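S.K.: Following this message is one structure expressed as structure tokens.
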Amino acid sequence: MIRFENVTKVYDQQARPALDAVNLEIDRGEFAFLVGASGSGKSTFLRLVLKEDRASSGTVYVAGQNVAKISSWRVPRLRRGIGVVFQDFRLLPQKNVFANVAFAMQVIGKSRSVIRDTVPEVLKTVGLEGKENRLPHELSGGEQQRVAIARAVVNRPGILLADEPTGNLDPTTSMGIMGVLDKINQNGTTVVMATHDDDIVNEMRKRVVELKNGVVIRDEAKALYTSMIPIVGQSRRLKDASGREEIPPPSPAAYSDDAGEEQR
Amino acid sequence: MRLAFILSEIGSGLRRNVTMVISVILVTFVSLTFVGAAGMLQLQINQMKGYWYDKVQVAIFLCSDGSTASGCATGPVTPEQQDNLQRLLESPAVAQYINDFQFESKDEAYKHFKDQFSNSPIVDSVTPDQLPASFRINMKDPEKYQIISETFSSQPGVETVIDQRQLLERLFSAMNAASLVAVSVAGVMIVCAILLIATTIRLSAFSRRRETGIMRLVGASKTVIQLPFILEGVIAAVVGAALASGTLWAVAHFFLGEYLSKQYPDTAFISPGQTLILAPALLILGGSLAGISSLLTLRRYLRV
């Protein structure tokens, strides 16, 4: 679903690259954590997937397409296939919950009746039924993040990118959010989540990709936030290959459009 | 749905930015009024030129009923006098100075008069009899007017010889200078309008960066994101242009039509209806200026 081939991203010629020759593949239906200290390249990774930035060298494939070859007027179509959730929720303060979610459908020209049918369904998925008419400031942080997730997935993207979605939330609320993300992943959406939250990573036991200074230093399936196996230097990379093979393949049916409708 | 959405976005943008929108309307209004004023002066010049101005330079008016000039002692021009004058015009002595000449009968004169003074009340009180017949002469060299004047003034049947250019040229050059000034002021005001529109759109884009950011992320097309901003500027400018057109119409109707044409009944003024041909030009000019300047601004300040 997302494939990085030897991708390097340099923001500043003098500084070290934000991403340095990264090779990474995230399969359809996978749930992957992106961990690493601030400045390790997590956000750059997400920006490259969204074509917010161009890779300095190497190739980024999203849903089988080389993003460098997508012309600017087709970038919106790429982004319709990717939902994004942020640490700061980014809701529209003057719109209520329903309108915030509906906004994502309005701007891509969905009809009123489709919006009326879809939004309550998605709000139910994220556990917000009955709160359609609340304004964002009347909701707790966890609920606001649920609205943001609902907005990100309402157009049924194949990929959900989450940039520290639990960064502003307490541990209990965070686990609730993880439940929602897991449910969305169960429905067939590929989820990539950048995070610092070790409790969550340890609890979920999903694939973990660790970045350090723009280099992938660990790629383990069903892993913990910090590696249990003490590996030094380069040999960590060797672990990558074996780690990836342990991931169970997702069911292809879960991903097709009609199937998605029922599962939601 | 998308159209309704874009319209509601425009509405909310205009509401949020009311003061800036009003200033855009006023600036485009003033600048386009100056553009229109220049246009009106040119229309007025055309109106005053009448039928003959661009075709001939010198007119020989023939005697009619009420003429008191010395050449008209025998009353209105007779056919023989008229034939004599025509032969004189065709004679080599005179013909070398002129390209060609035309005879304008009383009826033709009345027709041209009616066209030129169609907006003036005077037209109803004039009959063909009151208008003199004339020879209209296109000179090879307009400076040689004196020769024609000397040759014909004393001929029987000639009331007077007039160099129309000399009468109107000074007025026209003053009016041309005035339209030049109007255009220059308009130019400065238009620059002002463009910069103001750019600033307004920039503010508008900034105050809605949250919305546009989300629109980008969920894959809204460039059109859906940018169109509300562009149309905001265009709508404001078009309102300004409409006000300018209204003002020009009011000037033509109340100042020229009701006041000046009564003060100077022998001058042909443009009608209020004629200023309306300027309106579409002003609307298009205002709209496209706003559209282009907001498009350029958005390319810098709104990432899509």
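S.K.: Tell me the relative contact order for chain B as a rounded percent, counting alpha carbon contacts under 8 Å between residues six or more apart.
M.R.: Reported relative contact order: 33 percent.
S.K.: Could you work out the relative contact order of the range B:116-272, using alpha carbon pairs under 8 angstrom and six or more residues apart, expressed as a whole percent?
M.R.: Answer for the range B:116-272 is 39 percent.
S.K.: If B:L295, B:L256 are ordered by their accessible area, calculated over protein heavy atoms with a 1.4 Å probe, which sequence runs from highest to lowest?
M.R.: B:L295, B:L256
S.K.: For the range B:238-249, in order, what is each residue's ³J(HN,Hα) by Karplus, 6.51 cos²θ - 1.76 cosθ + 1.60 with θ = phi - 60°, in whole Hz (x at glycine and Pro)?
M.R.: 5, 4, x, 5, 5, 4, 4, 4, x, 5, 4, 4
S.K.: Given only helices, namely DSSP H runs of n ≥ 4 each adding -39500 (n - 2.57), what is the per-residue ellipticity at 222 nm of chain B, to the nearest 500 deg cm²/dmol?
M.R.: Calculated from helices alone, the mean residue ellipticity at 222 nm is -21500 deg cm²/dmol.
S.K.: Okay, next question. Heavy atoms of the protein only, probe of 1.4 Å, neighbouring chains included. What is the accessible area of B:R210 in Å², nearest 10?
M.R.: About 120 Å², rounded to the nearest 10.
S.K.: As an exercise, use a Förster radius of 25 Å and the Cβ-Cβ distance of B:A73 and B:T127 to find the FRET efficiency, rounded to the nearest 0.05.
M.R.: With R0 = 25 Å, the Cβ-Cβ based efficiency is 0.55.
S.K.: Skip the ligands, DNA and RNA, and give the accessible area per residue of the range A:88-156 with a 1.4 Å probe, whole Å².
M.R.: Normalised by residue count, the accessible surface of the range A:88-156 is 40 Å².
S.K.: In addition: How far is helix B:106-116 tilted off the main Cα axis of chain B, in degrees rounded to 10, range 0 to 90?
M.R.: 20
S.K.: What are the residues whose amide H is under 5 Å from the amide H of B:S221, where those residues sit 5 or more places off or on another chain and H is modelled from the backbone?
M.R.: none
S.K.: Just the number, please: buried accessible area between B and A, total of both chains, 1.4 angstrom probe, nearest 100 square angstrom.
M.R.: 1900
S.K.: Right, another one. Determine the distance separating the Cα centre of the range A:34-55 from the Cα centre of the range B:187-237; give it in Å without decimals.
M.R.: One Cα centre to the other: 30 Å.
S.K.: If A:K183, A:K69 are ordered by their accessible area, calculated over protein heavy atoms with a 1.4 Å probe, which sequence runs from highest to lowest?
M.R.: Accessible-area ranking of A:K183, A:K69, largest first: A:K69, A:K183.
S.K.: Once the dipole of the protein assembly as shown is set up with Lys and Arg at +1 and Asp and Glu at -1 on Cβ about the Cα centre, which of B:A241, A:L161, B:V191 lies farthest towards its positive end?
M.R.: A:L161
S.K.: Which value in deg cm²/dmol, rounded to the nearest 500, describes the helix-derived mean residue ellipticity at 222 nm for chain A, given -39,500 (n - 2.57) per DSSP H run of n ≥ 4 and division by the residue count?
M.R.: Only helices count here, giving -10500 deg cm²/dmol.
S.K.: Suppose we look only past 21 Å in the calculated P(r) of the range B:58-166. What percent of the Cα-Cα pairs does that tail hold?
M.R.: Looking at the range B:58-166, the distances longer than 21 Å represent 37 percent of pairs.
S.K.: Quick check: the distance between the Cα centres of the range A:80-133 and the range B:68-147, to the nearest angstrom?
M.R.: 83
S.K.: With θ taken as phi - 60° and the coefficients 6.51, -1.76 and 1.60, list the Karplus ³J(HN,Hα) couplings across the range B:273-284 in order, rounded to whole Hz; mark glycine and proline as x.
M.R.: x, 5, 5, 5, 5, 6, 4, x, 4, 5, 4, 5
S.K.: Follow-up question, since we're still on this one. Most fluctuating residue of B:V218, B:V56, B:V126 in a GNM of chain B with Cα springs under 10 Å: which is it?
M.R.: B:V218
S.K.: As a quick test, which of the pairs A:K110/A:K212; A:K183/A:K212; B:K106/B:K144; B:K111/B:K140; A:K206/B:K222 have an alpha carbon distance above 31 angstrom in this structure?
M.R.: Those over the limit are A:K110/A:K212; A:K206/B:K222.
S.K.: Enumerate the amide H contacts of B:Q57 below 5 Å, restricted to partners 5 or more residues apart or on another chain; note that Pro and chain-start residues carry no placed amide H.
M.R.: Under 5 Å from the amide H of B:Q57: B:I137, B:N138, B:M139.
S.K.: Short version: ³J(HN,Hα) in whole Hz for each residue of the range A:197-214, in order, from phi by Karplus 6.51 cos²θ - 1.76 cosθ + 1.60 (θ = phi - 60°), x for Gly and Pro, what are they?
M.R.: 7, 5, 4, 5, 4, 5, 5, 6, 6, 10, 5, 10, 10, 9, 10, 9, 6, x
S.K.: Kindly provide the trypsin sites (Lys or Arg not before Pro) of the range B:249-304 that DSSP labels as loop, not H, G, I, E or B, and whose Cβ sees at most 14 other Cβ atoms within 10 Å.
M.R.: B:R303
S.K.: Quick one: angle between helix B:79-90 and the longest Cα principal axis of chain B, in degrees between 0 and 90, rounded to 10, please.
M.R.: In chain B, helix B:79-90 runs at an angle near 70 degrees to the longest axis.
S.K.: What is the set of long-range amide H partners of A:R218 at a cut-off below 5 Å, with H atoms built 1.01 Å from backbone N?
M.R.: A:E210
S.K.: Within 10 Å of each Cβ in peptide A:77-90, how many partner chain Cβ atoms are there on average? Round it to a whole number, please.
M.R.: Mean inter-chain Cβ contacts per residue within 10 Å come to 2.
S.K.: Could you give the dipole magnitude of the range A:1-129 about its Cα centre, charging the beta-carbon of Lys and Arg +1 and that of Asp and Glu -1, in debye to the nearest 20?
M.R.: For this selection, approximately 520 debye.
S.K.: Of the options B:F61, B:S91, B:M215, report the single residue whose Cα projects farthest towards the positive end of the charge dipole of the protein assembly as shown (beta-carbon charges: Lys, Arg +1; Asp, Glu -1).
M.R.: B:M215
S.K.: Restricting to Cα pairs below 8 Å that are 6+ residues apart, what does the relative contact order work out to for the range B:48-178? Please round to a whole percent.
M.R.: Once divided by the residue count of the range B:48-178, the mean separation gives 45 percent.
S.K.: Name the most mobile residue of B:G240, B:G291, B:G11, meaning the one with the largest mean-square fluctuation, in a Gaussian network model of chain B with Cα contacts below 10 Å.
M.R.: B:G11
S.K.: While we're looking at this one, here's another question. Quick one: check the C-alpha center-to-center distance for the range B:1-54 versus the range A:1-26, whole angstrom.
M.R.: The two parts, judged by their Cα centres, are 52 Å apart.
S.K.: Nearest 10 degrees, 0 to 90: what angle lies between the long axis of helix B:18-49 and the longest principal axis of chain B (Cα atoms)?
M.R.: 10
S.K.: What area, in nm² and to one decimal, does the C-alpha convex hull of the range B:235-303 cast on average over all directions?
M.R.: Here the figure is 5.1 nm², rounded to one decimal.
S.K.: Moving on. Under the rule a/c < 1.5 gives rounded, and otherwise a/b versus b/c splits prolate from oblate, where does the protein assembly as shown land using the Cα gyration tensor?
M.R.: Prolate, because a/c is 1.5 or more and a/b exceeds b/c.
S.K.: For a quick check, take a GNM of chain B with Cα springs below 10 Å and name the residue from B:N119, B:N46, B:N84 with the largest mean-square fluctuation.
M.R.: In this elastic network of chain B, the residue with the biggest mean-square fluctuation among B:N119, B:N46, B:N84 is B:N84.
S.K.: Leaving out ligands and nucleic acids, note down the accessible area per residue over the range B:184-304 with a 1.4 angstrom probe, in whole Å².
M.R.: That works out to 47 Å² per residue.
S.K.: Any idea what the dipole of the range A:122-220 comes to, in debye rounded to 20, about its Cα centre with Lys/Arg Cβ at +1 and Asp/Glu Cβ at -1?
M.R.: In total the dipole reaches around 420 debye.
The values are calculated or read from the model by the stated rules, or taken from the named source; none is laboratory data. Note that this is a predicted model, so its numbers are computed, not measured. Cβ atoms come from the backbone with ideal geometry, glycine included; neighbour counts cover every protein chain shown. Each accessible area value is taken on the protein alone, full model and side chains, heavy atoms only, with ligands, DNA and RNA left out. Shrake-Rupley method; radii C 1.70, N 1.55, O 1.52, S 1.80 Å.
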